[in-house]
Amino acid sequence: MDFLKELGIKEKNYGASTGIEWVKTTDQGEINVVSPVDGKHIASVYQASEQDYERIVARSYEAFRTWRMVPAPKRGEIVRQIGVELRRYKDALGMLVSYEMGKSLQEGKGEVQEMIDICDFAVGQSRQLYGYTMVSERERHRMYDQYHPLGVVGTISAFNFPVAVWSWNAMIAAICGDTNLWKPSSKVPLSAVAVQNILANVIKANDLPEGLFSMIIGRGATVGEKLLNDKRIPLVSITASTEVGRHGAQVVAKRFGRTILELGGNNAIILTPNADFKMALPAIVFGAVGTAGQRCTSTRRLIVHESIYDKVKEVLVKAYGGLKIGNPLDEKNHVGPLIDKGAVGAFKKALVRVEEEGGKVLYGGKVLEGSGYESGCYVVPAIVEAKNHYEIVQEETFAPILYLIRYSGEVSEAIELHNGVVQGLSSAIFTQNILEAEEFLSAEGSDCGIANVNIGTSGAEIGGAFGGEKETGGGRESGSDAWKTYMRRQTNTINYGRKLPLAQGIKFEIE
């Protein structure tokens, strides 16, 4: 395939890179990458060893010692060049993301565009790493706070966004003066290899230190655990399941490291009687079936007022009947495959469980077979009547299942249902009533990190801080002031007088 050649993907690829040099270990096992699109072998990646990890981290730490003293706007210039390089490879990288992960080609290219956008954002941010000046209670004293580079930032990313989540962390960390060590998902390693190849162009052209952007692909039980336990890595960003994130947070906390946690979501849209359902429909359907329901912001629950429930159910079933399921590289199709057969198994199991608890499958749930579906990873997205308290509804199933949940009273009842799960990532309400909208956004409203009015739960812009509450982990990445997480804060006081007054009026005199 031409896009593989353009991105420097070979039949066999190494799994550890300093940004310039590939570490040529071949005795730790090999990941055979098979596309969920057609079930065909794409290429393979050699897993890295623990010794490779030590070498990579040492280079990354040494690079930090140099990079932290480069003025932030000059760091921003490097990030600008990375954005330019990503523009050159947008089509090829977008194609690889789609083919390796299974998301639609539009979404694959959109993910690369997200990388480009965060580069542009970070360039501007490199001139705004601001602190604050505060008034001192002491005469001839000035107080201010400032932010310094933190160190080596570890980024552990998930399969559903093979490249974008890395960029949220790496580009912001870079302008903050940090270096980045990336451990991508072993389900989509080729996209990470391709990004390293693209970065190498900028690193070599600017004679940048080896280890500025490094990557390691290896077993979680070895390489992954070393990263979590490594005191040389003060911050680890983890995008994963709640279970994985809980373990990672505990390990990092034991050594007093920091974490950014982007974990599970169980996102809901509330439809009130005052909703513009014509506007809401595409948001609901895309939120539920986009990326085959494998976004952390995918719409899992639709909470509908009983007065419009039957109409909504009828229109949704009709809309799902018009979905085109097939090869995501064909832009006429709406829904591509799940990542692998394990995900298909989880999809089927969830539907069995919800029926056992009293739910009713209204549409979909079938695994597709035959021509065009040879990989065994294609399913028909499901609509299920359910109740919020069902155990399976309380969990996050990473698949295209939309639970319809009825409410009968005021919007406060819908909000209570909405908040009645352990996850707290993204949320939305559709209403033309300003009182309902404001209640949803108030302190007694949505308990999620993202709360939207008259737009869906998925498709967050990079300009806002991304992340959620409760078992979603509380982390924030990307825009707004998320940059502060990648830096250490320091409060400074300067005495420019001839005396030494103490705070709080304390007197301490010596002869």
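Picking from SER237, HIS41, LEU404, whose Cα lies most toward the positive end of the charge dipole for the chain (charges on Cβ: Lys, Arg +1; Asp, Glu -1)?
Projecting each Cα onto the dipole axis, the largest value belongs to SER237.
Size of the dipole of the chain about the Cα centre, Lys and Arg at +1 and Asp and Glu at -1 on the beta carbon, nothing else charged, in debye to 20?
1400 debye
Taking Cα atoms, how many degrees apart are the long axis of helix 306-321 and the longest axis of the chain, rounded to 10 and kept between 0 and 90?
90 degrees
On the principal axes of its Cα set, how long, how wide and how thick is the stretch 265-367? Give whole Å, largest value first.
40, 36, 25
Share of Cα-Cα pairs in the stretch 58-122 beyond 14 Å, in percent?
More than 14 Å apart: 64 percent of the Cα pairs in the stretch 58-122.
Order the peptides 7-14, 42-49 from the highest to the lowest mean number of other Cβ atoms within 10 Å of their residues.
Answer by packing, highest mean first, reads 42-49, 7-14.
Highest mean first, how do 161-172, 97-108 rank when packing is the count of other Cβ atoms within 10 Å averaged over residues?
161-172, 97-108
Rounding to the nearest 10 and keeping the result within 0 to 90°, find how far the Cα-based axis of helix 277-289 lies from the longest principal axis of the chain.
For 277-289 against the chain, the angle is about 70 degrees.
Among DSSP beta bridges whose residues both lie in the stretch 385-511, state the antiparallel percentage, nearest 5.
Expressed as a percentage, antiparallel bridges in the stretch 385-511 total about 45.
Which FRET efficiency, nearest 0.05, do GLU369 and VAL317 yield, Cβ-Cβ r, R0 22 Å?
Between GLU369 and VAL317 the formula returns 0.45.
Leaving out ligands, DNA and RNA, and with a 1.4 Å probe, what % of the accessible surface on the chain is carbon or sulfur?
50 percent
So the label point goes 7 Å from the Cα of GLU356 along Cα→C-beta, right? Which residues of the stretch 390-405 then have their backbone N under 17 Å from it?
Only 390-397 fall inside the zone, counting backbone N under 17 Å.
Express the C-alpha Rg of the stretch 429-478 as a ratio against the empirical globular expectation 2.2 N^0.38 Å, rounded to two decimals.
1.20
Quick one: which of 110-116, 352-358 comes out on top by average Cβ neighbours within 10 Å, and what's the full order, highest first?
110-116, 352-358
With no solvent and one equal point scatterer per Cα, compute the Debye intensity ratio I(q)/I(0) for the stretch 1-103 at 0.21 Å⁻¹ and report its log10, rounded to two decimals.
-1.16
Counting only heavy atoms of the protein chains, get the accessible area per residue of the chain (1.4 Å probe) and round it to a whole Å² value.
43 Å²
Quick one: compute a quarter of the convex hull surface over the Cα atoms of the stretch 175-308 and quote it in nm².
11.8 nm²
What FRET efficiency would be calculated for the residue pair MET143, GLU50, taking the C-beta separation as r and a Förster radius of 56 Å, to the nearest 0.05?
Efficiency for this residue pair is about 0.75.
Averaging sequence separations of C-alpha pairs under 8 Å and six or more residues apart, then dividing by the length of the stretch 327-396, give the relative contact order as a whole percent.
Contact order relative to length: 31 percent.
Post the alpha-carbon centroid distance, the stretch 96-160 to the stretch 454-511, in whole angstrom.
15 Å
Please list CYS119, CYS296 in order of solvent-accessible area, largest first, computed with a 1.4 Å probe with all protein chains present.
Ranked from most to least accessible, the order is CYS296, CYS119.
Past 19 Å, Cα to Cα: identify those pairs from LYS324/LYS366; LYS5/LYS40; LYS278/LYS348; LYS226/LYS254, in the order given.
Cα-Cα > 19 Å for LYS278/LYS348; rest within.
For the chain, find the longest principal axis of its Cα atoms and tell me its angle to the long axis of helix 189-205, 0 to 90°, nearest 10.
Once rounded, one gets 30 degrees.
Using a 1.4 angstrom probe on the protein heavy atoms only, line up ARG301, ARG406 by accessible area, largest first.
ARG406, ARG301
Output the Kirkwood hydrodynamic radius of the stretch 368-440, Cα pairs only, in Å rounded to one decimal.
14.9 Å
Once R0 is set to 35 Å, what does the formula 1/(1 + (r/R0)^6) return for the Cβ-Cβ distance between ASP91 and ARG246, expressed as a FRET efficiency to the nearest 0.05?
So, using R0 = 35 Å, E works out to roughly 0.35.
With the calculation restricted to Cα positions, what are the radius of gyration and Dmax of the stretch 300-354 in angstrom?
Over the stretch 300-354's Cα set, Rg and Dmax evaluate to 14.7, 40 Å.
For labels at PHE256 and GLU391 in the simple 7 Å Cα→Cβ model, what's the distance in nm?
4.2 nm
How high is the relative contact order of the chain? Use alpha-carbon pairs under 8 Å, at least six apart in sequence, and give a whole percent.
18 percent
What is the distance, in nm, between label points placed 7 Å from the Cα along the Cα-to-Cβ direction at ARG127 and at ASP330?
With each label placed 7 Å out from Cα toward Cβ, I get 4.9 nm.
Taking the full set of protein chains and a 1.4 angstrom probe, give the accessible area of ILE434 in square angstrom, rounded to the nearest 10.
Roughly 120 Å² of ILE434 is accessible to a 1.4 Å probe.
Can you give the helix-only mean residue ellipticity at 222 nm for the chain, where every DSSP H stretch with n ≥ 4 adds -39500 (n - 2.57) and the sum goes over all residues, rounded to the nearest 500 deg cm²/dmol?
Rounded to the nearest 500, the figure is -11500 deg cm²/dmol.
Just for the chain, what percent of DSSP beta bridges are antiparallel, to the closest 5?
Counting DSSP beta bridges with both partners in the chain, the antiparallel share is about 40 percent.
How far apart, in nanometres, would the label points at VAL135 and ALA503 be if each is projected 7 angstrom from Cα along the Cα-to-Cβ direction?
My value for the distance between the label points is 1.7 nm.
The values are calculated or read from the model by the stated rules, or taken from the named source; none is laboratory data. Model, not experiment: these values are computed from the prediction. Ideal geometry is used to build each Cβ from the backbone, glycine not excepted, and the neighbour counts take in all protein chains shown. SASA here: full protein model, heavy atoms, side chains in, ligands and nucleic acids out. Shrake-Rupley method; radii C 1.70, N 1.55, O 1.52, S 1.80 Å.
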